[in-house]
Every structure is written in structure tokens, then in C-alpha cells.
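What follows is a short report on a single structure.
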Amino acid sequence: NAGVTQTPKFRILKIGQSMTLQCTQDMNHNYMYWYRQDPGMGLKLIYYSVGAGITDKGEVPNGYNVSRSTTEDFPLRLELAAPSQTSVYFCASSPLTGGNEQFFGPGTRLTVL
Amino acid sequence: GENVEQHPSTLSVQEGDSAVIKCTYSDSASNYFPWYKQELGKGPQLIIDIRSNVGEKKDQRIAVTLNKTAKHFSLHITETQPEDSAVYFCAATSGNTPLVFGKGTRLSVIA
């Protein structure tokens, strides 16, 4: 199993551009999550999904959108990139929410200039 | 909602010494407390976890203790090695909501 894969690994955007961060898991997990990690600030939840067709906001959803059309994929969309969205983005999955191990992808480092 | 505080933010120890990282949580309904290790350039990885019906759990050189009354839990690493150098995150949840993470502790083990 590849686990959780993310693409791209690195990306530089100009202010106002849009992009989609891709996330795929092959463990048949129901739950998937998107986090952003800023230096010294830990992991902040952006959006999560409890299954195909169901998504919910996390702590910092503004400026982002998600969709979950399949169990495997959970893309994160940035519509109008802003410098404040410069961060490292991690996708994760788990078989259940809460009291179960979350498996993280390798991350996408995004810079908005 | 849940709030998790983690201390210290940085920790340096000599190789072979012990390291302790502490976390406090606010929601008395929280019942699952994992610890994640993040190596440079990688995603976090679970190293140990504890549930509220247990006070202590060990796995080789790593142990976690939980004090439900005081709402705090700690990670203990004994006989530290250079490969233990990483960022460590604690987290908490009641089981019905996603994990809430602490801000992380950067551990440096000096050879």
C-alpha cells in the first residue's frame, strides 16, 4: 500500500492564482483531513470528511474548498491565493474519527508571492 | 471545544538522557491522547497513544502517562538517541470529533 499520497510536493503561486492540492489514500479509510502547518503553530484543521459526499469545516476553512466524490480522493482547492496561505499542507486519513490513528501524507509546501 | 497546550516548545538533551514533554487539555470528555513524531520534511507519524481508561503505557524507550483529574498527559523518552531528534505533537479528542493538536515540541538530542 502507498498509504496517503499528496501532489505536488512544492508549488509557488502568485497572489490571486488558483490551484488544487491532490490527496489520495489506498487504505479504504472513511475519514480524511486537511491540515496546514505554520512554523511554531502546530497543525490546524482546515476541512475534514467522514465519507464520500460529506465534508465539514475545521478550525481554519476560510479561503479553501474541498470535495469528496470518492473514498480515495480528497482534493483541497485554493481559489484566490493570498500570502497568508503560505504554509505546508498535510492530508491525513483514518478508519474512524477521533480515537484512531491518523495516517499522514508527506505534505505540500506552498508559497504565495 | 477542546484546547491542547504543549510545553516546552523546544528541548535539548544530551544523548542518553531522558526527555519529557507535557500537554494539558481542556475538555473533560476527551478520552484518546496520541503522540506523533514528525521528522524533517515528512508528515507526522503516530508513536504511542493512550486512552482514558489507562494511566500509563510503555513501548520500549517511550512511555506516556495520563492524569485525568489534572487533565494532563506526558511523553517520556528514556536513553535518548540522535534519531529521536524531531518535532513531537500531542493531541486529544473525545472520539466523536477530529484530533486537536498541540503546537509541538522540537527535541534536539546532542551527541
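The values are calculated or read from the model by the stated rules, or taken from the named source; none is laboratory data. Every value quoted in this text rests on a predicted model; they were computed, and no experiment measured them. Cβ sites come from the backbone with ideal geometry, for glycine too, and all protein chains shown count toward neighbours. Surface accessibility is based on the protein's heavy atoms, side chains included, excluding ligands, DNA and RNA. Shrake-Rupley method; radii C 1.70, N 1.55, O 1.52, S 1.80 Å.
Placing a label point 7 Å from the Cα of B:Ser12 along the Cα-to-Cβ direction, the residues of the stretch B:74-111 whose backbone N falls under 14 Å from that point are B:106-111.
Once you keep just the Cα pairs under 8 angstrom separated by 6 or more residues, what percentage relative contact order results for chain B?
Relative contact order for chain B comes out at 37 percent.
Take B:28-37, B:56-65 and order them by the average number of nearby Cβ atoms within 10 Å per residue, most first; the result is B:28-37, B:56-65. Looking only at A:Gly51, A:Gly40, A:Gly63, which one moves most when chain A is put into a Gaussian network model with springs between Cα atoms under 10 Å? Largest GNM mean-square fluctuation: A:Gly40. Toward the positive end of the charge dipole of the protein assembly as shown, with +1 on the Cβ of Lys and Arg and -1 on the Cβ of Asp and Glu, the farthest Cα among B:Ala63, B:Ile50, A:Ala81 is that of A:Ala81.
Would you work out the charge dipole size for the protein assembly as shown about its Cα centre, treating the Cβ of every Lys and Arg as +1 and the Cβ of every Asp and Glu as -1, and quote it to the nearest 20 debye? Each step should come with its number before you reach the end.
On the way: 20 positive and 20 negative charges, 91 e Å.
Dipole magnitude for the protein assembly as shown comes out near 440 debye.
Cα-based values for the protein assembly as shown, radius of gyration first and Dmax second, are 17.5, 50 Å. For the chain pair A and B, the buried solvent-accessible surface (1.4 Å probe, both sides summed) amounts to about 1400 Å². Of the residues B:Lys42, B:Lys71, B:Lys22, the one that moves most in a GNM of chain B with alpha-carbon contacts below 10 Å is B:Lys42.
The relative contact order of chain A comes to 36 percent, based on Cα pairs under 8 Å that sit 6 or more residues apart. With a Förster radius of 22 Å applied to the C-beta separation of A:Ser67 and A:Ala2, the computed FRET efficiency comes to 0.55.
Using a 1.4 angstrom probe on heavy atoms only, work out the carbon and sulfur share of the accessible area of the stretch B:3-111 in %.
46 percent
For the stretch A:17-113, the residue among A:Gln102, A:Gly40, A:Gln25 whose Cα projects farthest onto the positive side of the dipole built from Cβ charges is A:Gly40. For the stretch A:19-113, the fraction of 1.4 Å probe accessible surface lying on carbon and sulfur atoms is 51 percent. Max-minus-min Cα coordinates of the stretch B:1-57 on each principal axis give 37, 26, 19 Å, with the largest extent listed first.
Placing pseudo-labels 7 Å out from each Cα toward the beta carbon at A:Lys9 and B:Gln81 gives an inter-label distance of 2.6 nm.
Each label point was placed 7 Å from the Cα along the Cα-to-Cβ direction; for A:Leu80 and A:Asn30 their separation is 3.7 nm.
Rounded to the nearest 0.05, the FRET efficiency derived from the C-beta distance between A:Lys57 and A:Leu113 at R0 = 30 Å is 0.65. Put a plus charge on the Cβ of each Lys and Arg, a minus charge on the Cβ of each Asp and Glu, and nothing anywhere else: the dipole of chain A about its Cα centre is then about 380 debye. Summary of packing: across the peptides A:1-11, B:96-106, the per-residue average of other C-beta atoms within 10 Å ranks them, highest first, as B:96-106, A:1-11.
Testing the spin-label approximation: label points 7 Å from Cα along Cα→Cβ at A:Met19 and A:Val50. State their distance in nm. About 3.2 nm, to one decimal. Given B:Tyr36, B:Leu11, B:Leu99, which one lies farthest toward the positive end of the charge dipole of chain B, if we put +1 on the Cβ of every Lys and Arg and -1 on the Cβ of every Asp and Glu? The Cα lying farthest towards the positive end belongs to B:Leu99.
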